[in-house]
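Chemist: This is the structure I have questions about; it appears just below.
The values are calculated or read from the model by the stated rules, or taken from the named source; none is laboratory data. Being a predicted model, the structure only gives us computed values, none of them experimental. Every residue, glycine as well, gets a Cβ built from its backbone with ideal geometry; the counts of neighbours run over all protein chains shown. The protein model used for the area step is the full one, side chains on, heavy atoms only, and it has no ligands, DNA or RNA in it. Shrake-Rupley method; radii C 1.70, N 1.55, O 1.52, S 1.80 Å.
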Amino acid sequence: MSNDELISKAYEAMKNSYAPYSKFNVGAVALCGEKIYIGCNIEMHLSAQLYVLKDVLFFKAVSDGCTKIDKIVIVCSTHDFAYPCGICRQVMTEFMDENGIIVVTNDKEIREYKLSDLMPESFRM
């Protein structure tokens, strides 16, 4: 699947984001072989909890048996890049190889990263 198709699906996933408090909507797509997983962020008022990519996207893929994510595309509702948080980056070290992180702005500017660019000196077993 092309990067353009993955980016389009990430924007579709962002439409399901539930962010009434921060108004910071994030959508993402993970490619596992030929299978695609989509996810978005979810905020909860009661617990002040924010469910981010690691909770939604990665756990969705892993619970379906995908433990090697080939590529991830991340988009957000602002015009900036939406980089994964530190915990998400650590989770990525568990389920991704070095390549395959794509971050996109609303203006369709694309940046591709290696995992070591975003998470240098990560903890690995």
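Chemist: Restricting to segment 68-89, count the residues that are under 24 Å from SER2 (Cβ atoms) and among the polar types (S, T, N, Q).
Modeler: 1
Chemist: Which condition from (1) out of contact with any helix residue (DSSP H, G or I) (no Cβ under 6 Å at 6 or more places or on another chain); (2) among the charged types (D, E, K, R); (3) open to solvent by less than 60 Å² (accessible area, probe 1.4 Å) is the one that LYS54 breaks?
Modeler: Here LYS54 meets the rest and fails (1).
Chemist: Scan segment 24-36 for residues that are under 14 Å from ASN3 (Cα atoms) and crowded, with 23+ Cβ neighbours inside 10 Å and jot them down.
Modeler: ALA28, VAL29, ALA30
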